[in-house]
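Here's the structure, in structure tokens; my notes come after.
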Amino acid sequence: MRFEAVLSESIAKQAEDHLLAQIRLGTQQEDLCFAVWNPSTGKNRTTGIVTDIILPRDGERHLHGNVSFEPHYLTRSIRSAVKKNSGIAFMHSHPSPGLQSMSNLDILAERDRIAPPARSLGLPLLGLTVGTDGIWSARFWKWNGHKYTKSVCDKVRVVGRHIHLSIPVKRATSFRSNRLRRTIDTWGPECQFAFANLHIGIVGLGSVGSIIAESLARMGATKILLIDADQVEEHNLDRLLYATSKNIGDFKVDLVAKNLRQSANVTSFQVNAIRAWIQEHDAYTAALDCDVLFCAVDRPLPKDLLNHIAYVHNIPVIFGGIRVATKTDGSLGDATWSVMHIGPGSQCLRCNRQYTSSEVMLELDGSLDNQSYIDKNSLKLGNQNVFPFALNIGSLMVLEMIRSVISEPWWGTTPSKLHYSFVSNRLTHHIDKCSTGCSIDERMGLGDRWTYQFLEDSVHRRNVTCLSKFQSLFHRLLNKFS
């Protein structure tokens, strides 16, 4: 099990404005504060989501080069965590840049003074240190039955309109500089280092998802998760990257994973292909291990789930949606597509009307798979697409992720949504917020404290998988003898 920590951009700014205030004035004065955190448990990763900063009141902490706190400040902070059914975090600053090591006094304070009372909350203490340049380091202090042990976090993420990573150098992922020479020349080794250390998930491996996957493998991604339960069908062949008639019946994730291993340009490339829908428990927990997710699906239920993951677990999601309108004579009326970066600080998919709650319920009761119901109610599922459209939207989605990682302050305001109309040849950008009282925004950072009610058990997929393997073999034999 790996450990990480994550802060939204607004929480990180609030913490840094307090912790680095004295240092920004030109002194070498450290500072501290407490915070509240919630666990987010994936398949192989536990993440501490920092949700609330508890700033000290007058007389609750003392600045003397180093910094100390009064017992009643810790008591007040623990009471706040109890009310939220959360854990307690201790944050402090050091007057130097980069990743910070811990002094003997730091260890004494966290392990011996704060970890024991923090344990009463049922969660370990989360300790975080920030340097003068906003680089964070973090660790969990857990009781093993005899003593408190330290588990160092592999990385600390600050997420919102941007994605910032704090990663120990010894955990850095290497890349083949010669193969990626032109890529690295474009944005520099520091940004390439960030890309190489992102765990990226793609949900939906159709025409758009497969293009995203190929782009990521070629630009130096090292760890990619693929989630899709669909198989290649004949009507996919005009749009699905890599697919030929020989692949009919194959799982899309297997086809993409096989080809990504050929396209990858790093020495330690990992791709994990999961034959399941994102609403199945195994796929869902695997997705919670990712640093960023791409949503390349057109059904309302997975959109809803990924929308919640973006806010509840503070995992940014890059969404792409396409709609093709045809005239009564069958000719093209227009094609439009949108790309959104959703998560802390951005408008959610539901408030942007990319789906509705009623559509989710229609999918759950099977109505969206009933052609007579669709025809009767004049529903449009939006499955139309062609390869050039998929290329464009896939490219825009990858560019949005790149922008979120490498953008600098002088770039200006980052839009939360891009919208393109094929007929008018117009690309517009929007900055929108969630509606007042949005239930999804209110669940920000709850992590394991909030459970998505429509998750499915993956056990029933075993019989489906066996049947699918038989179907794949049947299609291969059919192609061989036809």
Checklist line | Residue among 147, 223 that alone is without any contact (Cβ under 8 Å) to a residue 60 or more places away in the chain and under 15 Å from the mean Cα position of the chain (by Cα) | finding: 223
Margin query: Can you find a residue that is farther than 30 Å from residue 280 by Cβ, hydrophobic (A, V, I, L, M, F, W, C) and modelled with pLDDT of 95 or more anywhere in the range 42-53?
Written below: yes
Note to self: Anything in the range 315-346 that is more than 16 Å from residue 293 (Cα to Cα), in contact with an Asp or Glu (Cβ under 9 Å, 6 or more places away or on another chain) and either outside any strand (DSSP E or B) or at pLDDT 95 or above (or both)? List them, or say none.
What the structure shows: 345
Check: Taking the range 297-311 as the search range and keeping residues that are closer than 17 Å to residue 364 by Cα and aliphatic (A, V, I, L, M), which one is surrounded by the fewest Cβ atoms within 10 Å (Cβ to Cβ)?
Finding: 301
Item checked: Subset tally (residues that are acidic (Asp, Glu) and within 17 Å of the chain's Cα centre (by Cα)) for the range 1-26 -> 2
Next item on the list: Could you identify the single residue in 220, 249 that is of a type outside the set (A, V, I, L, M) and under 25 Å from residue 157 (Cα atoms)?
Entry: 220
Check: Quick check, is residue 24 open to solvent by 10 Å² or more (accessible area, probe 1.4 Å), charged (D, E, K, R) and touching a Cys at 6+ places or on another chain (Cβ under 9 Å)?
Finding: no
Check: For the range 119-144, what are the residues that are within 28 Å of the chain's Cα centre (by Cα), free of Cβ contacts under 8 Å to residues at least 60 places away in the same chain and closer than 22 Å to residue 82 by Cβ?
Finding: 121, 122, 124, 125, 127, 141, 142
Item checked: Matching residues in the range 45-59 - criterion: being open to solvent by less than 10 Å² (accessible area, probe 1.4 Å), over 11 Å from residue 90 (Cα atoms) and touching a helix residue (DSSP H, G or I) at 6+ places or on another chain (Cβ under 6 Å) -> 49
Check: Is it the case that some residue within the range 283-296 is open to solvent by 20 Å² or more (accessible area, probe 1.4 Å), over 13 Å from residue 227 (Cβ atoms) and modelled with pLDDT of 95 or more?
Finding: no
Item checked: Pairs, first closer than 17 Å to residue 451 by Cα and among the polar types (S, T, N, Q) in the range 27-47, second part of a loop (DSSP other than H, G, I, E, B) and open to solvent by 10 Å² or more (accessible area, probe 1.4 Å), C-beta under 7 Å, six or more apart -> 38/446; 46/1
Checklist line | Complete set of residues in the range 240-274 that are open to solvent by less than 40 Å² (accessible area, probe 1.4 Å) and outside any helix (DSSP H, G or I) | finding: 240, 243, 248, 249, 250, 251, 264, 265, 266, 271, 273, 274
Check: Does residue 81 satisfy being closer than 24 Å to residue 442 by Cβ, part of a helix (DSSP H, G or I), modelled with pLDDT of 95 or more and of a type outside the set (Val, Ile, Thr)?
Finding: yes
Next item on the list: Need at least 1 residues that are aliphatic (A, V, I, L, M) and either in contact with a helix residue (DSSP H, G or I) (Cβ under 6 Å, 6 or more places away or on another chain) or surrounded by 17 or more Cβ atoms within 10 Å (Cβ to Cβ) (or both) per element, so show me which strands (runs of 3 or more DSSP E) inside the range 122-227 make the cut, counting only ones lying wholly within it.
Entry: 125-130, 136-143, 155-159, 163-166, 199-203, 223-227
Item checked: Selected residue (only one of 395, 378, 372, 404 is open to solvent by 40 Å² or more (accessible area, probe 1.4 Å), of a type in the set (Ser, Thr, Tyr) and at pLDDT 85 or above) -> 395
Checklist line | Residue in the range 37-44 that is in a strand (DSSP E or B), surrounded by 19 or more Cβ atoms within 10 Å (Cβ to Cβ) and either out of contact with any helix residue (DSSP H, G or I) (no Cβ under 8 Å at 6 or more places or on another chain) or among the hydroxyl-bearing types (Ser, Thr, Tyr) (or both) present | finding: yes
Item checked: Lone unmet requirement of (1) touching a residue at least 60 places away in the same chain (Cβ under 8 Å); (2) outside any loop (DSSP other than H, G, I, E, B) for residue 90 -> (1)
Checklist line | Those residues of the range 244-268 which are within 28 Å of the chain's Cα centre (by Cα) and farther than 27 Å from residue 281 by Cα, in sequence order | finding: 262, 263, 264, 265, 266, 267, 268
Next item on the list: Kindly indicate whether residue 69 is open to solvent by less than 70 Å² (accessible area, probe 1.4 Å), under 21 Å from residue 131 (Cβ atoms) and in contact with a Lys or Arg (Cβ under 6 Å, 6 or more places away or on another chain).
Entry: yes
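The values are calculated or read from the model by the stated rules, or taken from the named source; none is laboratory data. Fair warning: this is a prediction, and the values are worked out from it, not measured in the lab. Don't worry about glycine lacking a Cβ; one is built from the backbone with ideal geometry, like all the others, and counts go over all protein chains shown. The accessibility values were calculated without ligands, DNA or RNA, using every heavy atom of the protein model including side chains. Shrake-Rupley method; radii C 1.70, N 1.55, O 1.52, S 1.80 Å.
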